[in-house]
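Remarks on the structure that follows.
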Amino acid sequence: MDIKIRPAKIEDMSAVLELIYELAIYEKEPEAVEVTVSDLERDGFGDTPLFKCFVAEIEGGIKGIALVYNRYSTWKGPIIHLEDLIVNKAYRGTGVGTALLDEVIKYGHSKGAKRINWEVIDWNEHAIAFYESKGANVLRDWDVVQLDEAGIKNYIAKL
């Protein structure tokens, strides 16, 4: 199988969104996806893109993505955050995930990242085993903390 990893183009965003939905369904939260193709086009392209996306192309179709963005660690300095690495279900176990992760690591290295980090849902043992097989440390003693849009509004209302 010939897997081509390349930077995403604006015209790929429809296929990217399809894979985002596929992940949301897998994680049992399809209703949580609010981003649109227009959002992805606006936010990923132009003068100040908010993210970089790599796609895995096989026989002209996009079968996987890795979406990253810059962060800054007060302890380490510049880091890259891997928001999602998604592989179409039919292509899992074929090397697509490895090829995408390889590209993310090369990208982070080229940018001088001191660390590349991401989250993995605790019940996705296949993904955890995959990341650990690549040398990643899965930190099980940290909890993800977030405020969603409603939480932000409620917080602001109390100020």
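Condition first: in contact (Cβ under 8 Å) with a residue 12 or more places away in the chain, surrounded by fewer than 14 Cβ atoms within 10 Å (Cβ to Cβ) and among the hydroxyl-bearing types (Ser, Thr, Tyr). Now tell me which residues in the stretch 65-93 satisfy that.
The answer is Ser73, and nothing else.
So, in the stretch 49-91, how many residues would count as being part of a strand (DSSP E or B), among the acidic types (Asp, Glu) and out of contact with any helix residue (DSSP H, G or I) (no Cβ under 8 Å at 6 or more places or on another chain)? Walk me through it before giving the result.
Of all residues in the stretch 49-91, those part of a strand (DSSP E or B) come to 52-58, 61-73, 77-87.
When the remaining residues are screened for being among the acidic types (Asp, Glu), the result is 57, 83-84.
Adding the requirement that they be out of contact with any helix residue (DSSP H, G or I) (no Cβ under 8 Å at 6 or more places or on another chain) leaves 57, 83.
So the answer is 2.
Can you tell me which residue is nearest to Leu85 (Cα to Cα) among those in the stretch 125-157 that are part of a loop (DSSP other than H, G, I, E, B) and of a type in the set (Asp, Glu)?
Initial filter on the stretch 125-157 (part of a loop (DSSP other than H, G, I, E, B)): 134-148.
From the residues that got through so far, the ones that are of a type in the set (Asp, Glu) too are 141, 143, 148.
Working: Asp141: 22, Asp143: 20, Asp148: 22 Å.
Ranking the candidates gives Asp143 first.
Pick from Val87, Val55: which is closer than 18 Å to Lys9 by Cβ and β-branched (Val, Ile, Thr)? Break it down stepwise before answering.
Details: Val87 fails: closer than 18 Å to Lys9 by Cβ.
On inspection, the qualifying residue turns out to be Val55.
Tally up the residues in the stretch 130-148 that are exposed (fewer than 10 other Cβ atoms within 10 Å of the Cβ), over 25 Å from Gly97 (Cα atoms) and aliphatic (A, V, I, L, M), please.
The number of residues fulfilling the criteria is 1.
Which of the residues that make up the stretch 1-50 are exposed (fewer than 11 other Cβ atoms within 10 Å of the Cβ) and small (Gly, Ala, Ser)?
The answer is Ala32, Ser38, Gly46.
Of all residues in the stretch 2-48, how many are small (Gly, Ala, Ser), closer than 13 Å to Gly64 by Cβ and part of a helix (DSSP H, G or I)? First the steps, then the outcome.
Of the stretch 2-48, the ones small (Gly, Ala, Ser) are 8, 14-15, 24, 32, 38, 44, 46.
Keeping just the survivors that are closer than 13 Å to Gly64 by Cβ gives 8, 15.
Filter once more, so that each one left must be part of a helix (DSSP H, G or I): 15.
Count: 1.
Show the residue pairs meeting these rules: Cβ distance below 8 Å; 6+ apart or different chains; first residue within the stretch 49-63 and under 16 Å from Lys106 (Cα atoms); second residue among the basic types (Lys, Arg) and in a strand (DSSP E or B).
What qualifies is Phe54/Arg6; Val55/Arg6; Ala56/Lys4; Ala56/Lys63.
Quick note: the coordinates plus some simple rules give every number you see, no bench work behind them. Computed from a predicted structure; not experimentally measured. Please note: Cβ atoms are built from the backbone with ideal geometry, for glycine as well, and neighbour counts cover all protein chains shown.
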